[in-house]
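Colleague: Below are the structure tokens for one structure; questions will follow.
Any read-out appearing in this document is the output of simple, stated calculations on the displayed coordinates, not a laboratory observation. Bear in mind that the values here come from a model prediction, so they are computed numbers and not experimental data. Note that we place each Cβ from the backbone using ideal geometry, even for glycine, and neighbour counts take in every protein chain shown.
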Amino acid sequence: MFLVDWFYGILASLGLWQKEAKILFLGLDNAGKTTLLHMLKDERLVQHQPTQYPTSEELSIGKIKFKAFDLGGHQIARRVWKDYYAKIFIVFLFRKMAKCSPCSCIALRLCSLLLIDFHEDFSKADNAKSIEMIDPHMINSLKQHFPDTTGCTWHFYCMLRMLPFSHFDFVIIVACYMLWAVWSLSEYLVLCVFPGFQVDAVVYLVDAYDKERFAESKKELDALLSDESLANVPFLILGNKIDIPYAASEDELRYHLGLSNFTTGKGKVNLADSNVRPLEVFMCSIVRKMGYGDGFKWMSQYIN
Ligand SMILES: Nc1nc2c(ncn2[C@@H]2O[C@H](COP(=O)(O)OP(=O)(O)OP(=O)(O)O)[C@@H](O)[C@H]2O)c(=O)[nH]1
Ligand SMILES: [Mg+2]
């Protein structure tokens with residue numbers, strides 16, 4: 001992590017690193033994330049379609065203003081979760097040579113497969129949406145530096161998702177390799193390193209009635225809890241839908257999520273000097289407007 005810490009240190013010393021309070025709403029599909037987001041936003045209960053694309057809302061809870069991100073919980077949507085808590089993005093922007101030989105085009109395609117997240121012709125407005133997690137101002141200023149974008153094909157690469165682990169020093173080495181690999185295929189090429197957004201808290205929703213999916217929910221939660229980028233980020237686990245008879249109890253949910261010995265206590269618990277991640281389970285029913293308020297109150301004490 002040396003390179004990342006160094007990078008942040010430089011940004012902070014230049015005053016360029018601006019913190020934006022950000023909460024991620026995560027959890028399996030059908031857990032109730034969008035319902036909660038809209039309940040918090042305008043206290044209305046609305047029936048939603050499964051979330052296809054990440055959405056965000058400005059919210060205020062108590063004295064704190066947040067940007068809450070609802071990322072969707074189905075299998076494909078889960079793949080973008082990481083983009084929202086990545087510490088850094090490494091991005092290649094390059095313009096393909098006007099006359100690419102078939103060989104080099106195939107090589108480019110292979111590169112794009114490797115890198116998974118591949119956006120062609122990103123100067124189009126539509127594609128700009130898919131890179132919303134990167135500060136649009138930065139992208140715009142980049143375009144100004146390289147004004148010759150009209151009518152040409154820019155290739156945008158986001159490195160981060162290709163790596164199943166989060167060792168960013170390694171990412172930088174791979175980035176250098178890729179830089180070399182695509183150099184010969186491009187007219188010009190820019191390698192950019194963007195800071196990702198700092199995540200202030202994660203709200204992880206579980207459908208307490210859907211006991212058959214507890215194992216799947218635990219698997220996703222474990223992956224989040226063990227991700228280095230989220231180390232020390234407070235986790236509020238909401239066991240939702242307790243209005244339905246036979247929904248799991250709090251103890252049952254803790255047990256199935258493997259959290260029996262990991263929660264840090266409700267109420268005011270000072271963890272500032274302990275290096276322990278705040279984590280707690282609250283049961284709730286969004287439709288009955290109960291339970292989640294206590295959870296958010298608990299969480300807000302850990303957000304500066
Ligand atoms: N009984 C009950 N149903 C709820 C509650 N909260 C949400 N639901 C229902 O659960 C279903 C899924 O809710 P969503 O908010 O769309 O779930 P989601 O987590 O956003 O799902 P994806 O967008 O697919 O990730 C909807 O039919 C909601 O009405 C609750 O507290 N009790
Ligand atoms: Mg949704």
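Colleague: Give the calculated FRET efficiency between I76 and K266 to the nearest 0.05, with a Förster radius of 25 Å applied to their Cβ-Cβ distance.
Modeller: E between I76 and K266, to the nearest 0.05, is 0.10.
Colleague: How far is it, in nm, from the label point at N304 to the one at A231 when both lie 7 Å from their Cα along the line to the Cβ?
Modeller: Going by the 7 Å Cα→Cβ label model, 1.7 nm.
Colleague: Using 0.36 nm times the number of residues separating K218 and L45, minus their current alpha carbon distance, what extension gain do you get?
Modeller: Between K218 and L45, full extension yields 59.6 nm more.
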